[in-house]
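Participant: The structure under discussion is supplied below as structure tokens; questions concerning it will follow.
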């Protein structure tokens, strides 16, 4: 499962390379995105911080794929995740979730962890 998630995320990053020429959409609201992330149940597989899990869902934060790739993945996921069409999560809600995931702080470096 971990290998599949890694391959999916790698495909998102590679596939999003051609999307750079598109105009950058308006940034979402991280606070609203957190509420939407939790309300929609995203945290059940991806963790409350988007940290992912080796058994349920890939890591999404603090550096999610570009918004266009993130939206495409949520709309038509290739694996076990159910699709979230625009009637379930609007483009604005996805932008908010993306802003929330982007706002997450990076994990501490190993040297800073207590012994």
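The values are calculated or read from the model by the stated rules, or taken from the named source; none is laboratory data. For clarity, every value in this text was computed on a predicted model and none was experimentally measured. For neighbour counting, all protein chains shown are included, and Cβ atoms are generated from backbone atoms with ideal geometry for every residue, glycine included.
Participant: Residue 9 versus (1) over 12 Å from the mean Cα position of the chain (by Cα); (2) modelled with pLDDT under 90: which is the lone unmet condition?
Facilitator: If we test residue 9 against (1) over 12 Å from the mean Cα position of the chain (by Cα); (2) modelled with pLDDT under 90, just (1) comes out false.
Participant: Could you go through the range 83-101 and let me know if any residue there is surrounded by fewer than 20 Cβ atoms within 10 Å (Cβ to Cβ), at pLDDT below 95 and part of a loop (DSSP other than H, G, I, E, B).
Facilitator: no
Participant: Right, another one. Could you figure out which of (1) free of Cβ contacts under 8 Å to residues at least 24 places away in the same chain; (2) in contact with a helix residue (DSSP H, G or I) (Cβ under 8 Å, 6 or more places away or on another chain); (3) over 26 Å from residue 108 (Cα atoms) isn't true of residue 43?
Facilitator: Of everything listed in (1) free of Cβ contacts under 8 Å to residues at least 24 places away in the same chain; (2) in contact with a helix residue (DSSP H, G or I) (Cβ under 8 Å, 6 or more places away or on another chain); (3) over 26 Å from residue 108 (Cα atoms), residue 43 misses just condition (3).
Participant: In the range 78-102, what residues are over 15 Å from residue 27 (Cα atoms) and without any contact (Cβ under 8 Å) to a residue 60 or more places away in the chain?
Facilitator: Answer for the range 78-102, where residues must be over 15 Å from residue 27 (Cα atoms) and without any contact (Cβ under 8 Å) to a residue 60 or more places away in the chain: 80, 81, 82, 83, 84, 85, 86, 87, 88, 89.
Participant: Determine if the range 51-70 includes at least one residue that is modelled with pLDDT under 95 and part of a helix (DSSP H, G or I).
Facilitator: no
Participant: Here's another thing I want to ask about it. Could you tell me which residue of the range 26-37 is modelled with the lowest pLDDT, considering only residues that are over 17 Å from residue 62 (Cβ atoms) and out of contact with any helix residue (DSSP H, G or I) (no Cβ under 6 Å at 6 or more places or on another chain)?
Facilitator: 26
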